[in-house]
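The values are calculated or read from the model by the stated rules, or taken from the named source; none is laboratory data. On a predicted model such as this, the values are computed, not experimentally measured, just so you know. For neighbour counting, all protein chains shown are included, and Cβ atoms are generated from backbone atoms with ideal geometry for every residue, glycine included.
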């Protein structure tokens, strides 16, 4: 197997699989959407093509059958119902797994499960007519024989119009899945009295075109056009109920589209009358050869390309990291210069140059950063499937809405957020949304809604998972906390509702009475919480009993640059992530108490544990008097603690650099950075720091 | 790759100065030689990125005892290990002769090793090396072999196993 071609194929296939994943679920909502059906068909077809070229037989087998099924579906022979969807999704899983395995370096794929292949075959056979659909699989097939309008001299010069007509004819024919059946029947007739040898006028030509279109519609009984001439209500609309304005409008549109059939418009959406054209069909087909110079510019039947291809360039992330590092370096040089400017008696020019450098680096940094940005769609794409599968398994009816899919965030973040989000969405589906019967009993619509949204909020991204389910019961959570021994009853009763909700984020806290394989093992939410904290993010829970729950996650736009508070001990500086810092004040020993061996500071009638960081960071400098020191209050999870530091040096945006070999496992550090004066500062990892003191 | 060997003349000179012995033929290992206490150690040149003078080493409180701290090598934070504590030798003040050898463990990780003195680069015939016959399991893990060559005992370090992260 040619590794280079294979890796190209895998990149493409992985993207297609991602797309298919979304499209397949969308398809269940609008199973007759011609554009979507075509897109899915093409997806399988392209994967099959690549796999076939590389000789990956198991992949070809599955793709081929899936393709056949979709061929039938888009012809209207069979419908994409839930049953078909299950089989197709299983096939899709096989494809997706195979590609993952290939990506992981596996080269010999296992044989396909014969049962699945058989089911796919059965699906295909479910259609009315059994026709070898292979013809469509290769749109270039020779079957497409074009017919000249009667009376046109095949040896004579072809006019532009005639050529156009041929092209159209070809498009139409190719779009038809039964080319043989159709093409033989579509013969156009000239109106009486028209001299077949004479020049053709525009009107006559138009008439012929219309004639042809009508014939084709009539001739291809299996195509979706004919049965659809009656108007269809959207699924779920009660035909006997009152009609709303929107529904009426929709019906009108539907009718218009059907009526405009004779002159197909590219904009037809739900109605599949518009001819389907394989994108693979290029003008360099044998037909166009005789007059290659004549450009088939305005083939009226050609629908506009469905979506613009993403205008992106694939860049090796390692290369990006290098650029990022260099830019980081530039930023550091700038910092150094800025420091210099403050100290020496600088001339105006230096200060201008530095100012310039400041601008340039800031811009460069921003633009390079953008190359790392990816739309959050990459994570969201998998959720329709997750929700669909879960909902089916649990017999719930759930609609997933995605908002703000185009919000960009750092590539690392996109990857790091995937798992926590999956967990939260599963929770919403499993614990949040009630069973359909319960929902109806509570006067809610039968179908529950889960909304997954992303938006940018300054230099943060706000992700939220909202469901309209049963909400959380703060009292139940308080009771559980006592039962599980996390706190005593008094403490539990003092929690306000919000703090009670946050209990679900603590380790070993699961309220599900029954442990299912979906959620409820009590290992989930605290892991989610830790992962988000690691990304310098925060979680917020809102819930109204009986109405629903909203979980919001706030994460910084990028992981590479971190706003910090610089503090120091003796000569060594340390950086504390600024997002955690709540306030800074002078240390005053009179305001502290020693409680149970732990020094606490009183702050607005609350006692907050104090940690003297120099005990750990500067153990050799024995210090008696801390009165010159500062206290930095930080929030770690739901907890507030105070760090006593020698000096606070102010804010600085730093570029995070990983600590090297043998230091990865040292707890308390998130990395290192280089400060304005060229020294190395260590970035503190707050949960790790607190751990060190326990 | 290796800064010391950038000028070809330099290495040529060394081989010219060497007494040519019969055993010198055959494949050889090019090593950077350095000293610790009174012993001579070697590290394969292919593993070394550069040799630096000792600058400011930033200590990392809480790090394993062999780690002296971190340095900034053109924007990359590199851990510096004290070779003396690695071989359980008493520590010694950093002086003008001290150097940090930057070793590339793999594509992504490099490590600095603080040594007393860097001598030279030398080609040592492969067949001169023999595995260390030692009963100390732990210590010998970091030593690839020893060579008796031109009246010296050269200890060849195995940097691959030396810096394997436990995870």
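Rundown of residues vs (1) outside the structural domain of residue A:334 (by TED's automatic domain parsing); (2) at pLDDT below 85, yes/no style:
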position: A:357; (1), (2): no, yes
position: A:398; (1), (2): yes, no
position: A:411; (1), (2): yes, yes
position: A:427; (1), (2): yes, yes
position: A:447; (1), (2): yes, no
position: A:465; (1), (2): yes, no
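For region A:378-395, state whether one or more residues are under 24 Å from residue A:464 (Cβ atoms), touching a strand residue (DSSP E or B) at 6+ places or on another chain (Cβ under 7 Å) and outside any helix (DSSP H, G or I).
No, there is no match, as no residue in region A:378-395 is under 24 Å from residue A:464 (Cβ atoms), touching a strand residue (DSSP E or B) at 6+ places or on another chain (Cβ under 7 Å) and outside any helix (DSSP H, G or I).
Somewhere in region A:331-351, is a residue exposed (fewer than 13 other Cβ atoms within 10 Å of the Cβ) and assigned by TED's automatic domain parsing to the domain that holds residue A:464?
no
Quick grid of which residues meet (1) more than 14 Å from every other protein chain (Cβ to nearest Cβ); (2) in contact (Cβ under 8 Å) with a residue 40 or more places away in the chain; (3) out of contact with any helix residue (DSSP H, G or I) (no Cβ under 9 Å at 6 or more places or on another chain):
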{"site": "A:318", "(1), (2), (3)": "no, no, yes"}
{"site": "A:323", "(1), (2), (3)": "no, yes, no"}
{"site": "A:328", "(1), (2), (3)": "no, yes, no"}
{"site": "A:333", "(1), (2), (3)": "no, no, no"}
{"site": "A:358", "(1), (2), (3)": "yes, no, no"}
{"site": "A:364", "(1), (2), (3)": "yes, no, no"}
{"site": "A:401", "(1), (2), (3)": "yes, yes, yes"}
{"site": "A:430", "(1), (2), (3)": "yes, yes, no"}
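Out of A:679, A:625, I need the residue that is within 14 Å of chain B (Cβ to nearest Cβ), surrounded by fewer than 21 Cβ atoms within 10 Å (Cβ to Cβ) and modelled with pLDDT under 85. Which one? Give the derivation first.
Working: A:625 fails: within 14 Å of chain B (Cβ to nearest Cβ).
Residue meeting the stated conditions: A:679.
Return yes or no: is residue B:116 more than 9 Å from chain A (Cβ to nearest Cβ), surrounded by fewer than 16 Cβ atoms within 10 Å (Cβ to Cβ), more than 29 Å from residue A:569 (Cα to Cα) and under 16 Å from the mean Cα position of the chain (by Cα)?
So residue B:116 does not fit the description; no.
Hey, can you tell me all the residues within region B:50-70 that are farther than 18 Å from residue B:91 by Cβ, in contact with a helix residue (DSSP H, G or I) (Cβ under 8 Å, 6 or more places away or on another chain) and more than 7 Å from chain A (Cβ to nearest Cβ)?
Once the filter is applied, which keeps residues that are farther than 18 Å from residue B:91 by Cβ, in contact with a helix residue (DSSP H, G or I) (Cβ under 8 Å, 6 or more places away or on another chain) and more than 7 Å from chain A (Cβ to nearest Cβ), region B:50-70 yields B:50, B:51.
Restricting attention to region A:372-381, and to residues there that are touching a helix residue (DSSP H, G or I) at 6+ places or on another chain (Cβ under 6 Å) and modelled with pLDDT of 75 or more, which single residue is surrounded by the fewest Cβ atoms within 10 Å (Cβ to Cβ)? Talk me through it step by step, then tell me what you get.
In the first step, residues of region A:372-381 are kept if they are touching a helix residue (DSSP H, G or I) at 6+ places or on another chain (Cβ under 6 Å); the result is A:372, A:374, A:378-379, A:381.
Checking the rest, the ones that are also modelled with pLDDT of 75 or more come to A:374, A:378-379, A:381.
Working: A:374: 18, A:378: 16, A:379: 24, A:381: 18.
Taking the candidates together, the pick is A:378.
So, residue A:642, is that one buried (at least 17 other Cβ atoms within 10 Å of the Cβ) and either in the same structural domain as residue A:326 (by TED's automatic domain parsing) or within 16 Å of residue A:562 (Cβ to Cβ) (or both) or not?
no
Criterion first (within 11 Å of chain A (Cβ to nearest Cβ) and either part of a strand (DSSP E or B) or on the phi < 0 side of the Ramachandran plot (or both)) does residue B:107 satisfy it?
So residue B:107 passes the test.
Report the residue count in region A:642-669 for those that are touching a strand residue (DSSP E or B) at 6+ places or on another chain (Cβ under 6 Å), at pLDDT 80 or above and under 21 Å from residue B:163 (Cα atoms).
5
Spot the failing condition for residue B:42; the list is (1) surrounded by fewer than 18 Cβ atoms within 10 Å (Cβ to Cβ); (2) away from chain A (no Cβ under 14 Å), and only one is missed.
(1)
Looking at region A:547-567 only, could you name the residues that are more than 30 Å from residue A:467 (Cβ to Cβ) and either surrounded by fewer than 18 Cβ atoms within 10 Å (Cβ to Cβ) or within 32 Å of the chain's Cα centre (by Cα) (or both)?
Residues of region A:547-567 more than 30 Å from residue A:467 (Cβ to Cβ): A:560-567.
Correct list: A:560, A:561, A:562, A:563, A:564.
Suppose we filter region B:63-96 for residues that are under 13 Å from residue B:52 (Cβ atoms) and not in a strand (DSSP E or B); how many remain?
Total satisfying the criteria: 2.
Conditions tested, residue by residue: (1) under 30 Å from residue A:459 (Cα atoms); (2) within 35 Å of the chain's Cα centre (by Cα).
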{"residue": "A:593", "(1), (2)": "no, no"}
{"residue": "A:610", "(1), (2)": "no, no"}
{"residue": "A:616", "(1), (2)": "no, no"}
{"residue": "A:629", "(1), (2)": "no, no"}
{"residue": "A:634", "(1), (2)": "yes, yes"}
{"residue": "A:643", "(1), (2)": "yes, no"}
{"residue": "A:652", "(1), (2)": "yes, yes"}
{"residue": "A:656", "(1), (2)": "yes, yes"}
{"residue": "A:667", "(1), (2)": "yes, yes"}
